[in-house]
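Reading through the structure tokens given below for one structure.
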Amino acid sequence: MKKPLVGIVGNILVMDGGMFPGIKRDYVNRDYVKSIGLAGGAAVILPVMDEEEIVRTQLEGVDAILLSGGYDLYPQSYGEEPMWEQGFIYQEVDDYYFKVIKAARELGKPVFGICKGIQAINVAFGGTLYQDIKKQVPDSIKHSQSAPRYAGTHQVEICKDSFLGECLPEKLLVNSYHHQAIKEVAEGFSVTARSVDGVIEGIESLKESFIAAVQWHPEMMAAQGNKDMIRLLQNFLRKI
């Protein structure tokens with residue numbers, strides 16, 4: 001039986017050393033590729049492109065799209081100016097994410113976002129972000145862990161009647177590597193998971209096309225054999 005082909009949206013890494021300092025590389029972390037394989041799919045990396053026609057052609061060749069994590073989104077994309085806590089941004093990459101999301105919806109391709117992916121989906125449909133959780137969310141817990149990447153360090157609560165609720169327990173520990181998060185949820189989306197401090201950890205579209213996302217990194221946990229996270233990615237592949 002043919003395995004579903006998942007296009008993983010890539011990032012750009014600017015090398016600051018080595019033989020070619022300043023050279024740019026398209027990449028994704030290996031855990032994304034491995035975890036899709038463990039879930040029963042086949043992964044290909046989608047490099048950052050500018051032209052919408054090329055982006056559409058990229059997506060026409062895959063069965064589903066996974067939006068990977070990465071740098072902070074540029075704040076002007078959701079109508080704000082940068083705070084001091086704003087991290088590194090790469091606008092060309094962000095614009096590619098937005099073009100992918102638009103084309104995927106037009107083509108009816110299932111989309112699953114991870115970390116930056118959930119933020120990009122929310123902004124693409126008119127939502128906003130906290131630029132820095134620690135500064136902007138009172139009594140927030142630690143969302144950038146000091147622990148192995150596969151270890152769950154804080155709890156999330158899952159909405160039972162949701163994509164996440166189909167395959168995950170109502171409460172579970174997840175890993176966490178972010179300092180930004182959804183503030184105002186985009187119209188047409190429901191919140192499907194939150195951490196104990198109220199920070200949004202999962203959303204999904206209420207429209208016909210399947211779009212869902214989480215703030216944590218299931219691929220890092222799945223790549224190390226976490227059964228819950230493998231089951232989550234399997235559930236995504238069933239939306240194809």
Could you list, in sequence order, all residues of segment 37-47 that are buried (at least 19 other Cβ atoms within 10 Å of the Cβ) and in a strand (DSSP E or B)? A43, L46
Can you tell me which residue among E219, E170 is under 13 Å from the mean Cα position of the chain (by Cα), over 20 Å from A103 (Cα atoms), among the charged types (D, E, K, R) and modelled with pLDDT of 95 or more? E219
In segment 148-165, how many residues are open to solvent by 40 Å² or more (accessible area, probe 1.4 Å) and either modelled with pLDDT under 95 or out of contact with any Asp or Glu (no Cβ under 9 Å at 6 or more places or on another chain) (or both)? 4
Enumerate the pairs (first residue in segment 227-240 and buried (at least 16 other Cβ atoms within 10 Å of the Cβ); second residue anywhere and charged (D, E, K, R)) with beta-carbon separation below 8 Å, excluding pairs fewer than 6 apart on the same chain, so at least 6 apart or on different chains. M229/E219; L233/E219; N235/E166
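Select from segment 6-41 the residues that are closer than 23 Å to A222 by Cβ and either more than 18 Å from the chain's Cα centre (by Cα) or free of Cβ contacts under 8 Å to residues at least 12 places away in the same chain (or both) and list them in ascending order. Quick ask: steps written out before the conclusion?
Going through segment 6-41, the residues closer than 23 Å to A222 by Cβ turn out to be 6-11, 13, 26-41.
Those that are closer than 23 Å to A222 by Cβ and either more than 18 Å from the chain's Cα centre (by Cα) or free of Cβ contacts under 8 Å to residues at least 12 places away in the same chain (or both): G37, L38, G40.
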Output for Cβ contacts, cut-off 9 Å, separation at least six or different chains, first residue touching a residue at least 60 places away in the same chain (Cβ under 8 Å) in segment 76-105, second open to solvent by 80 Å² or more (accessible area, probe 1.4 Å), reads E85/K134; E85/K135; E92/D50; Y96/D50; R105/K207
List the number of the failed condition for Q58; all other conditions in (1) in a helix (DSSP H, G or I); (2) without any contact (Cβ under 8 Å) to a residue 12 or more places away in the chain hold. (2)
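From the list K34, K135, K109, pick out the single residue that is open to solvent by 50 Å² or more (accessible area, probe 1.4 Å) and either under 21 Å from V199 (Cβ atoms) or assigned to a loop (DSSP other than H, G, I, E, B) (or both).
Working: K34 fails: either under 21 Å from V199 (Cβ atoms) or assigned to a loop (DSSP other than H, G, I, E, B) (or both); K109 fails: open to solvent by 50 Å² or more (accessible area, probe 1.4 Å).
Result of the check over K34, K135, K109: K135.
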Within segment 121-150, how many residues turn out to be without any contact (Cβ under 8 Å) to a residue 40 or more places away in the chain and closer than 17 Å to A222 by Cα? 2
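The values are calculated or read from the model by the stated rules, or taken from the named source; none is laboratory data. The structure displayed is predicted, hence computed values, not measured ones. Don't worry about glycine lacking a Cβ; one is built from the backbone with ideal geometry, like all the others, and counts go over all protein chains shown. What goes into the accessible areas is simple: the full protein's heavy atoms, side chains included, and nothing from ligands, DNA or RNA. Shrake-Rupley method; radii C 1.70, N 1.55, O 1.52, S 1.80 Å.
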